[in-house]
Amino acid sequence: MKRTLICIITIFAIFAQQLWAQNSASVAGANVSIKFYDKTMYYPGNSQDNPVFVKVTIANNGSETVRFKLADDRMFSVDFTGYTVKNSRLAHTDNFIRKRSTNQTVFFREIALEAGEEYSFVENLKDYLVIPEPAIYYIELRFYPELFRSQQVTLENKNESGAIKVSMNNVQNGCIVTNRLTLEVKPSPSAASMTSLPLTATETELLKPQPISPDKVVEQTIIARQKSLWDQYFLYLDVEELYASDPARKRKYRAESADQRARMIENYKIDLRQSRIDKDIVAIPTSFEIEKTMYTTTEGTVTVREWFTYDNFKEIKRYTYFVRQRDGIWQIYNYSVENLGTE
């Protein structure tokens, strides 16, 4: 009897390994990636009033057919994970926890992607994660090709779709982890300080750089800094190039992975906002005057005289902004400062 039981267990173990190997092979060529969909300014709070839409794409980059299951309720196919800059994890929403912890019937369909094909859908990040406050967050997604499920599963085939009973017990970790996104959440306009400038309707929309002349680029950048409109301030700055202008930072930057580079750039922007680094580029002039603009089809310089007011005097500096055109858009990628004395 004991020997028979051992044989039965062994047979089931071999069958389970073969089934798992088959399922693993079916998604071996899949590449799952995420990006922001219709990106705009994001604020904490209600998911319906200010959603964070993320586009999920499953692509078959291999030569064999890729097969996976996709639940009608995407919470049983994907899961978002969020981290703060201090590497603390964000909490999941009550609705997400309730769905994942309650036994229920989940309908799904099986999808097959041939070589070169892809499948995409859009999810609201705030349906999955609680965004508690304005900050920089790092977001990634876990995709479950065989659905999020426990070891105690029953399947009910219904032609081309099926149903699966789901519970939180003994969850299997058969998931694919995607690339990481950097999410910047702004202070809510309704909760902004009384000393802050109000946001206009156009400022709450997605800012897009316009094909304006180099002197206008510099002028708009300085005015945005005077008004502390940071989104407009960074609009025409090549932040990556400015960061790499320091040789030590450049060496460290080149040695890091793509995800770490993105994090370094976001931290650099935070340091600029708080005037902790490269203070000349974020100094606020009380007035300025564009002296000279020179440029070719791709490169140029804009020279500006700027006045900075202190208690008993005014300091005058000449800024030279180096600009470069890419895809019809001029950007500031470097600068120099010359002290002209006081008045």
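The values are calculated or read from the model by the stated rules, or taken from the named source; none is laboratory data. Just so we're clear, the structure is a prediction, and the values are computed from it rather than from any experiment. Methodologically, a virtual Cβ is constructed for each residue, glycine included, from the backbone with ideal geometry; neighbour enumeration extends over all protein chains shown. Surface areas here come from the heavy atoms of the whole protein model, side chains and all, with no ligands, DNA or RNA. Shrake-Rupley method; radii C 1.70, N 1.55, O 1.52, S 1.80 Å.
Tabulated data
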item: Residue within segment 243-260 that is on the phi > 0 side of the Ramachandran plot and assigned to a loop (DSSP other than H, G, I, E, B) present; result: no
item: Pairs with Cβ under 6 Å, 6+ apart, first in segment 282-296 and over 15 Å from Q220 (Cα atoms), second open to solvent by 50 Å² or more (accessible area, probe 1.4 Å); result: E291/R305
item: Segment 84-104 - residue that is of a type outside the set (G, A, S) and part of a loop (DSSP other than H, G, I, E, B) and, of those, surrounded by the most Cβ atoms within 10 Å (Cβ to Cβ); result: L90
item: Residue within segment 268-289 that is outside any strand (DSSP E or B), farther than 17 Å from Y333 by Cα, of a type in the set (S, T, N, Q) and open to solvent by 50 Å² or more (accessible area, probe 1.4 Å) present; result: yes
item: Elements of type strands (runs of 3 or more DSSP E) in segment 127-175, at least 3 residues being modelled with pLDDT under 70 and surrounded by fewer than 19 Cβ atoms within 10 Å (Cβ to Cβ); result: 155-158, 161-166
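Condition check ((1) closer than 23 Å to Q210 by Cα; (2) among the hydroxyl-bearing types (S, T, Y)) across all residues:
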site	(1), (2)
A283	no, no
E291	yes, no
E306	no, no
K314	no, no
R318	no, no
G328	yes, no
T342	no, yes
